[in-house]
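Following: one structure in structure tokens, then a few remarks.
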Amino acid sequence: MHRVVALVKPVQSTFELGCAAEVFGTMRAGVPHHYEFEVCTETPGPIPTSAGYAMAVPRGLATLESADTVLIPGWTPVETPLSARVRRALLRAHARGARLVTICSGVFALARTGLLDGRSATTHWGRAAQLQREFPQIRVEQDVLYVDHGDVATSAGAGAGIDLCLHLVRHDHGAAHAALIARHMVMPPHREGGQAQFAPSPPSADALDGLLEWAGLRLGAPLSVGDLATHLSVSPRTLARRFTDQLGTSPGAWLLSRRVAEARTLLEETDLPVEAIAVRVGLTSAVNLRRHFRTQVGTTPGAYRRAFRVS
């Protein structure tokens, strides 16, 4: 069982903490539970929250010693320094292989450990300039939802914390399991980390007049950007503008990402050969699927199937 421990501090945002608790800590009927979720703080006891009430946190920093993932769900005021005890606890956790994850302003705490030096990171767009100013050794990406380096990961504004948490579930237990949790949360199954923060939050099927659902049902067909534009009776240029406004990506990039996502599900849930999966998702050949799969997922379809397929 993977142990996720959230490190909270006064005054703790209830929403950021709730994002992590919903993904990692909520038991759902019919959904396999792969995580233990706990909360700790530097000084155990009542912790005031941004909602005006206090929550009891009985566990201290020793809880981090056995965490597989340490999550910092916000850090306000962002100017608050790390105590020597908290800094040591975070560095020890990272040194023994724990994954350190932040939501929104939590990146300011992680930045003070030095673990983000020379790396890219993100936070809420309203805090990006301050993060860059205070930590010039970090490459701040203010137009993405999350950045994952494997050992450390950061997310943008609070809602993007859900995207990052679901991304981590997808990494740990596969796309199908992450999609199942997302469906229970009534969330879109996958928003790429590179999607712009400024995109409206999660588009419905009607955001592009039903185009996303229409295309999703026809992935096996040789769909082109021109076909998508024709379906909406708009020019390719207008379609591109609408995709950028609604989804923060291009029609071609969205279509490719959707094909790869469907391939992941088929690799997990079926015994279909890679060649057949490539045809079914519209990537025409195993060679083409392997090339795009490696680019987007970082591994081969065969290795992915061995790691994540449902037995």
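For the range 2-177, rounded, prolate or oblate, judged on the Cα gyration tensor with a ≥ b ≥ c (square roots of eigenvalues), a/c < 1.5 rounded, else prolate if a/b > b/c?
On the way: a/c = 1.37, a/b = 1.13, b/c = 1.22.
The shape class here is rounded.
Calculated on the alpha-carbon coordinates, the convex hull of the range 204-308 measures out at 97 cubic angstrom per residue. Each of E42, E275 has some number of other Cβ atoms within 10 Å of its Cβ, and from fewest to most they run E275, E42. Each of M1, M185 has some number of other Cβ atoms within 10 Å of its Cβ, and from fewest to most they run M1, M185. Looking at the range 1-157 alone, DSSP beta bridges between its own residues are antiparallel in about 25 percent of cases. Taken over the Cα atoms of the chain, the convex hull encloses 141 Å³ per residue. Between the amide H of R99 and those of T69, V70, distances stay under 5 Å, these residues lying 5 or more places away or on another chain, with hydrogens modeled in the peptide plane.
Extension gain for the segment V31 to E134, taken as residue separation times 0.36 nm less the Cα-Cα distance, is 32.8 nm to one decimal.
Quick note: the coordinates plus some simple rules give every number you see, no bench work behind them. This one's a predicted model, so the numbers in the text were calculated from it and none came from an experiment. Here Cβ is always computed from backbone atoms with ideal geometry, including for glycine, and neighbour counts include all displayed protein chains.
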